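Everything on this sheet refers to the single structure shown next.
The values are calculated or read from the model by the stated rules, or taken from the named source; none is laboratory data. Being a predicted model, the structure only gives us computed values, none of them experimental. When we count neighbours, we look across all protein chains shown, and the Cβ atoms used for this are built from the backbone with ideal geometry, even at glycine.
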């Protein structure tokens, strides 16, 4: 396989005051890969996602998408004295893109605790994600000069809904959907931003084995159909082991293992992190 | 929501809307001719005009508070800018010395756009003159809106970075700053300081404010139903998710703020024309509160609600509840019904709505023909169902009582 | 020396007004600290306290009126909390803020009805109105009393919060509403106490303020209320010493501006200050930073 790099996270440390949430994390996602990010609760997985998507500016380190920097920082101001991580002198620049800019560059995400737009319909939820690529301005859009563009957006949104079996719910309020469908809608909405990299934060949370099995196939299908890479946080080991090309394991904010599913399953440090040590 | 892909019913609804609007305009026109200013029915015209103007301002506030989730309390300040921007340039040169009596030579500005265009297009008695006059009024109103929008743009740069209640207090603060700025004697030659501005050009048919406000509200509704409207609503529902979906928060908040202020400015200009005089002192936070309460009564997030809310609010405060101030209301006479009592009753009703009926009249729903037809279609069935409902309620109450008794017994 | 003679009266007036704002500001900052609510009605409570005094003093001896004003204001404050805020405890923040605005609207209209829209004159409390001379500047006793009384009350309040059980409960609730409830703290009791303290201080503030500016109108409360709120934001909302410092800064600056002959802008200044502080340090002088959780 041609290893074309999509995402490169280098030496990311995220510190809130004196608390180190992510410690010197480096990872890579190559084109077409599905990568798993696992670890016990509180290991810093979601924080890592928030750094990659620009919700938090990292305390130190760099994130690149297709070779261009989307976040870079080094300990500054008060943080200089408080900093507990490594590689303090390695980075000098400061780049902080807002989440919307990063989304525009090609990273889309879902949220661990579903964050749909509550007051909007299923279709509208998907349409919002297409807004940033719209060409018409406020007046053009308000006065319907862009009717053709709007119609095309609706059509694409409907295609996405159909793929997730949500076409029948298009005019329902997003929050009136059952839980599993809400998770699907979150993925559909993320795909509507036309990403190159999709970040899924516990997509199978709260699903029964059959549902999570279906989800696993769906993720595979998405990769093929949309020609993208996936980075996912998940606790269902069945899903992770069944679908991921490579897996990164976090514990206490730091990377403790990396490898293919088989390697991870047999890695003593991972077992220790999950099960504790026998005395 | 209101949009349906369903073509045929969509077309029918469009036709119905046009017919209804045309009928409404004709009605206003006829009423305007029939009702004499001296008749007691003139209250109706007052409420119609003022209600329409407040409807525009309330809808513009709803665009911010209800559709973009920005709790802004600057509306009175923006209306003030619009009112002054209009009035200052619409006073005929010959009246300037009387209006600006405390300033040498009748102030700094010596022209009136409506009067100027009137003269250019044939004078006061010619048809062309009348057109010129109204053209001047409309151009000035657009200017008033643009000036307000421009100032809002500048205010928005610092203020829109703030969250909910901080935003509320900062916009309230800016409205106060605007007010004291317009009352400043240093600006007197332009704004007439703290004195009243009057004798400026105004409309003479009630149909004018109805038309202007109608066009403005129609634009706001179309905006809300456009892709930008969806982006606004996504910010309201969840800022973090909206940003993650590529919606530029600052740009869209600023856009909503500026557009809302534009219409608040136009509303202010209309209010100035309605009152025939304008002064900065009543544009206080209290005025903003009243507009906010209208939005709440109608339902935060419903344009139709804001419109209904405005007419109800204005009709109550200007007309229906007047009797409460004069000692007689619905045939009841009482000594405590002295001036001001109406507003107390009114405030109690509003508190009741806020506390027990917080969704307002419309909630987040909008008027739709389908909804209306559905209402009438299901009305008989629902009326027939009422006795059953009451019964159910009673038995539920009884059940509650019984369980309580059982609990107590235990 | 000439400078002192010219500016001392303004500075004294500033300190005095600052003290009065401080007493109101504490009510805002405490309520915000616990309920995350800008109690828009607080300034109007202050005005109502003034009006109660006006009507009490026509029938009762002054000392009795003062006591009754304090009691009635406290009862009113708690009633408002009970009726308008408590039912909305689970509602979104916007609703409870709107309810506060509704209460403010109600109180102002009530005052308008009772007073008939006329300006009422505050009764003269002889002792507070006595003229005294400080460093050659003649002023009223109230100017001197206000800052002293303010400081005493604030110290008492801080001791209450730091040393007593209910004070500890208040601190816990302002930290984390839900967790404190889970830990067995009676949230409603804490909130009631907060409103008692806030209303009491507002009533004291109103006696001092209106002894100085004797005319009361239904809208008399809104400006001091807003300014006191700005003071609370300036000092870092939730922080009592912050609110006091903020109030003094605003009071003094405002009077210096008046001294410069820019009276029209003395109100605007407060809001300029607000906007500057929100831009530069949104958490205020002594406030703490909150991080949104995603």
The stretch B:328-344: number of residues that are more than 9 Å from chain C (Cβ to nearest Cβ) and touching a helix residue (DSSP H, G or I) at 6+ places or on another chain (Cβ under 6 Å): 2
Hits in the stretch C:237-250 (condition: crowded, with 23+ Cβ neighbours inside 10 Å and farther than 21 Å from residue C:156 by Cβ): C:237, C:250
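Can you confirm whether residue A:172 is more than 21 Å from the chain's Cα centre (by Cα), over 27 Å from residue A:260 (Cβ atoms) and more than 13 Å from chain B (Cβ to nearest Cβ)? Outline the logic, then answer.
Working: more than 21 Å from the chain's Cα centre (by Cα): yes; over 27 Å from residue A:260 (Cβ atoms): yes; more than 13 Å from chain B (Cβ to nearest Cβ): no.
So residue A:172 fails the test.
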Residue match in the stretch C:27-42 (condition: surrounded by fewer than 24 Cβ atoms within 10 Å (Cβ to Cβ) and not in a helix (DSSP H, G or I)): yes
Residue match in the stretch B:329-341 (condition: assigned by TED's automatic domain parsing to the domain that holds residue B:54, surrounded by 16 or more Cβ atoms within 10 Å (Cβ to Cβ), in contact (Cβ under 8 Å) with a residue 12 or more places away in the chain and in a helix (DSSP H, G or I)): yes
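Can you confirm whether the stretch B:70-82 contains a residue that is touching a strand residue (DSSP E or B) at 6+ places or on another chain (Cβ under 8 Å), in contact (Cβ under 8 Å) with a residue 24 or more places away in the chain and either more than 27 Å from residue B:370 (Cβ to Cβ) or not assigned by TED's automatic domain parsing to the domain that holds residue B:214 (or both)?
Within the stretch B:70-82, the subset touching a strand residue (DSSP E or B) at 6+ places or on another chain (Cβ under 8 Å) is none.
Checked against the condition, which is being touching a strand residue (DSSP E or B) at 6+ places or on another chain (Cβ under 8 Å), in contact (Cβ under 8 Å) with a residue 24 or more places away in the chain and either more than 27 Å from residue B:370 (Cβ to Cβ) or not assigned by TED's automatic domain parsing to the domain that holds residue B:214 (or both), the stretch B:70-82 yields no hits at all.
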Set C:219, C:214: member being within 11 Å of another protein chain (Cβ to nearest Cβ) and either under 24 Å from residue C:103 (Cβ atoms) or more than 16 Å from the chain's Cα centre (by Cα) (or both): C:219
Those residues of the stretch B:208-226 which are within 29 Å of residue B:93 (Cα to Cα) and surrounded by fewer than 17 Cβ atoms within 10 Å (Cβ to Cβ), in sequence order: B:211
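It is to be established whether one or more residues within the stretch A:206-220 are within 28 Å of residue B:227 (Cβ to Cβ) and either surrounded by fewer than 18 Cβ atoms within 10 Å (Cβ to Cβ) or in contact with a helix residue (DSSP H, G or I) (Cβ under 8 Å, 6 or more places away or on another chain) (or both). Step through it out loud before you land on a result.
Restricting attention to the stretch A:206-220, the residues satisfying the condition of being within 28 Å of residue B:227 (Cβ to Cβ) are A:218.
Of the ones still in play, those that are also either surrounded by fewer than 18 Cβ atoms within 10 Å (Cβ to Cβ) or in contact with a helix residue (DSSP H, G or I) (Cβ under 8 Å, 6 or more places away or on another chain) (or both) are A:218.
Among the residues of the stretch A:206-220, at least one is within 28 Å of residue B:227 (Cβ to Cβ) and either surrounded by fewer than 18 Cβ atoms within 10 Å (Cβ to Cβ) or in contact with a helix residue (DSSP H, G or I) (Cβ under 8 Å, 6 or more places away or on another chain) (or both), which makes the answer yes.
Wholly within the stretch A:52-124, which strands (runs of 3 or more DSSP E) include no fewer than the required count, namely at least 1 residues that are more than 17 Å from residue A:20 (Cβ to Cβ) and within 11 Å of chain B (Cβ to nearest Cβ)? Outline the logic, then answer.
Values: elements: A:60-65, A:68-73, A:107-109.
The strands (runs of 3 or more DSSP E) meeting that bar are A:107-109.
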Which listed residue, of B:186, B:193, is within 12 Å of another protein chain (Cβ to nearest Cβ), modelled with pLDDT under 90, under 28 Å from residue B:112 (Cα atoms) and surrounded by fewer than 18 Cβ atoms within 10 Å (Cβ to Cβ): B:186
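Which one is farthest from the other protein chains (Cβ to nearest Cβ) among residues in the stretch A:127-142 that are in a loop (DSSP other than H, G, I, E, B) and buried (at least 17 other Cβ atoms within 10 Å of the Cβ)?
First, pick out the residues of the stretch A:127-142 that are in a loop (DSSP other than H, G, I, E, B): A:134-137.
Still in the running and buried (at least 17 other Cβ atoms within 10 Å of the Cβ): A:134, A:136.
Details: A:134: 5, A:136: 7 Å.
Step by step, filter the stretch A:127-142, then rank; the result is A:136.
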Helices (runs of 4 or more DSSP H) completely within the stretch B:232-326 that count 2 or more residues being away from every other protein chain (no Cβ under 13 Å) and within 20 Å of the chain's Cα centre (by Cα): B:249-275, B:303-315
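Residue check: is residue A:122 surrounded by 16 or more Cβ atoms within 10 Å (Cβ to Cβ), at pLDDT 95 or above, within 22 Å of residue B:229 (Cβ to Cβ) and outside the structural domain of residue A:50 (by TED's automatic domain parsing)?
yes
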Filter pass, residue A:145 being within 7 Å of chain B (Cβ to nearest Cβ) and either free of Cβ contacts under 8 Å to residues at least 24 places away in the same chain or crowded, with 21+ Cβ neighbours inside 10 Å (or both): no
Checklist (1) farther than 30 Å from residue B:34 by Cβ; (2) in contact (Cβ under 8 Å) with a residue 40 or more places away in the chain; (3) away from chain C (no Cβ under 14 Å); (4) within 22 Å of the chain's Cα centre (by Cα) applied to residue B:171, failing item: (3)
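Out of the stretch C:125-157, which residues are buried (at least 16 other Cβ atoms within 10 Å of the Cβ), modelled with pLDDT under 80 and not in a helix (DSSP H, G or I)? Can you show your working first?
The initial filter retains those residues of the stretch C:125-157 that are buried (at least 16 other Cβ atoms within 10 Å of the Cβ), namely C:125, C:128, C:137, C:139-147, C:149-150, C:153-154, C:157.
Narrowing further to those that are modelled with pLDDT under 80: C:128, C:137, C:139.
Once the filter is applied, which keeps residues that are buried (at least 16 other Cβ atoms within 10 Å of the Cβ), modelled with pLDDT under 80 and not in a helix (DSSP H, G or I), the stretch C:125-157 yields C:137, C:139.
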For residue A:193: the one exception among (1) surrounded by fewer than 16 Cβ atoms within 10 Å (Cβ to Cβ); (2) within 25 Å of residue B:227 (Cβ to Cβ): (1)
Subset of the stretch C:271-285 [part of a loop (DSSP other than H, G, I, E, B), within 10 Å of another protein chain (Cβ to nearest Cβ) and within 19 Å of the chain's Cα centre (by Cα)]: none
Of the criteria (1) out of contact with any strand residue (DSSP E or B) (no Cβ under 6 Å at 6 or more places or on another chain); (2) away from every other protein chain (no Cβ under 14 Å), which one residue C:237 fails: (2)
Candidates B:109, B:91, filtered to the one that is more than 18 Å from residue B:306 (Cβ to Cβ) and at pLDDT below 90: B:109
Residue under evaluation residue A:193, criteria (1) part of a loop (DSSP other than H, G, I, E, B); (2) within 12 Å of another protein chain (Cβ to nearest Cβ); (3) over 30 Å from residue B:219 (Cβ atoms), criterion not met: (3)
Number of positions in the stretch B:351-380 that are facing another protein chain (nearest Cβ under 9 Å) and more than 15 Å from residue B:308 (Cβ to Cβ): 5
Output for the stretch C:197-235, where each listed residue is crowded, with 23+ Cβ neighbours inside 10 Å and assigned to a loop (DSSP other than H, G, I, E, B): C:218, C:220, C:221
